[in-house]
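Novice: I have a structure I would like to understand better, so I am pasting it below and will then ask my questions one at a time.
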């Protein structure tokens, strides 16, 4: 009997036949999958939110907030994309009440003129003009509070609703008590009724080097070095003189960046709590394993000093300095810093712990060097150029067009077709170190 059982063939799993028209329903299936995922996540979070473990409850709330932030950013991206499709001079103008609301958000976020302009799709000059004319009076003022029919009730409604918008954690009792301390006495029921009312209608909007040039011909021949600040509070602007927060911790971090000119590879980064002096910069450069032939930087006092030049002479480095007041003299490192801010520090909540922030920068450095294609390198990554590896975009490609002639050229760089034309594939997106702003994209052939 045992022998008979061992020779019995193993049943094969049943195959689920797909309908012939299944590609026509892919978009509907995507929406259903997202809805099912939302249902499952909501169910799991409901269990976690009622857990007896404090860490599980905090993790559930943290995950929910992260998802909400991501969804809000996606909503804003979609709306901004529609508005960006309109020429700047044809975009609707902000109403006077909305201009004042924009300046209120700027004050709450500590944004600079450019940050405010980028967020609301206007020019920095426009935001500066609004700030100068904020105290204008009269019916033709550029910035206005909502004009009420009955002045006192509408002003009260505006104050209560704006206070709830800027401080969403305050309930009706706390709002009533806060306004009473400021001299405006309202009952709790009145505040609750005002908060339940729709926002007041907004008027319809009415539809600008003198030395020898150093050329890098191999890795570690020319490096660039520069310093920058990374704000921990989203911006440096403040509503009081001198209109800026101190450029030191806990308001910002100072970051030193070293990049190889030939491969565009980020060699090293360092974090400082305040602007480093020449001793700290020399200690940072001394900790880097490799040594370049030339080091290009600006004429900041931490680089333009005897101590820094002594270190260069000791390590056999020839320092080169960008022209003072000339745009683009150290463009390579400035562009790398812009990429670091656009794709890392402005996409996360910048930690106020040095160890945590350094970990974020090192994760971005590894991802940037290994996975991010560079336009200057024709789509190759810095590590592929630095270590002379075979570029991934030169490997055989997937051709999803079934009737595509095999010998026809494709989009640059031209490569051969792997397999047969018409192959289907699945898009897989992983994240480096679990960081959502560091994607790793790959294609997997569908079975």
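For (1) surrounded by fewer than 11 Cβ atoms within 10 Å (Cβ to Cβ); (2) touching a helix residue (DSSP H, G or I) at 6+ places or on another chain (Cβ under 7 Å), each residue gets a yes or a no:
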| site | (1), (2) |
| --- | --- |
| 336 | no, no |
| 346 | no, no |
| 351 | no, yes |
| 403 | yes, no |
| 422 | no, no |
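Novice: Here's something else I'd like to know. For segment 378-388, give me each residue that is surrounded by fewer than 16 Cβ atoms within 10 Å (Cβ to Cβ) and in contact with a helix residue (DSSP H, G or I) (Cβ under 7 Å, 6 or more places away or on another chain).
Specialist: If the condition is that a residue be surrounded by fewer than 16 Cβ atoms within 10 Å (Cβ to Cβ) and in contact with a helix residue (DSSP H, G or I) (Cβ under 7 Å, 6 or more places away or on another chain), then 379 is the only one that fits.
Here's the yes/no breakdown for (1) in the same structural domain as residue 145 (by TED's automatic domain parsing); (2) closer than 30 Å to residue 162 by Cβ; (3) exposed (fewer than 12 other Cβ atoms within 10 Å of the Cβ):
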{"position": "36", "(1), (2), (3)": "no, no, yes"}
{"position": "39", "(1), (2), (3)": "no, no, yes"}
{"position": "49", "(1), (2), (3)": "no, no, no"}
{"position": "52", "(1), (2), (3)": "no, no, yes"}
{"position": "60", "(1), (2), (3)": "no, no, no"}
{"position": "65", "(1), (2), (3)": "no, yes, yes"}
{"position": "70", "(1), (2), (3)": "no, yes, yes"}
{"position": "105", "(1), (2), (3)": "yes, yes, no"}
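Novice: Among the candidates 58, 33, 16, which residue alone is more than 27 Å from residue 349 (Cβ to Cβ) and at pLDDT 75 or above?
Specialist: It is 33.
Novice: Here is a further query. If we keep just the residues of segment 157-184 that are in a loop (DSSP other than H, G, I, E, B) and surrounded by 11 or more Cβ atoms within 10 Å (Cβ to Cβ), which is modelled with the highest pLDDT?
Specialist: In this case the residue turns out to be 171.
Novice: Filter segment 405-420 down to residues that are surrounded by 12 or more Cβ atoms within 10 Å (Cβ to Cβ) and farther than 16 Å from residue 445 by Cα and give me whichever is modelled with the lowest pLDDT.
Specialist: Here the residue is 410.
Novice: May I pose another question? Among the residues of segment 199-221, is any part of a helix (DSSP H, G or I), modelled with pLDDT of 75 or more and out of contact with any helix residue (DSSP H, G or I) (no Cβ under 6 Å at 6 or more places or on another chain)?
Specialist: No, the conditions are met nowhere in segment 199-221.
Novice: If we scan segment 390-401, do we find a residue that is touching a helix residue (DSSP H, G or I) at 6+ places or on another chain (Cβ under 9 Å), closer than 23 Å to residue 429 by Cα and loosely packed, with under 12 Cβ neighbours inside 10 Å?
Specialist: yes
Novice: Let me ask something else about it. Go through (1) surrounded by fewer than 18 Cβ atoms within 10 Å (Cβ to Cβ); (2) more than 22 Å from the chain's Cα centre (by Cα); (3) at pLDDT 75 or above for residue 234 and report which single condition fails.
Specialist: Just one mismatch for residue 234, condition (2).
Novice: In segment 383-418, what residues are in contact with a strand residue (DSSP E or B) (Cβ under 7 Å, 6 or more places away or on another chain) and closer than 19 Å to residue 432 by Cβ?
Specialist: 386
The values are calculated or read from the model by the stated rules, or taken from the named source; none is laboratory data. If you're wondering where the values come from, they're calculated on a predicted model, not measured in any experiment. Cβ sites come from the backbone with ideal geometry, for glycine too, and all protein chains shown count toward neighbours.
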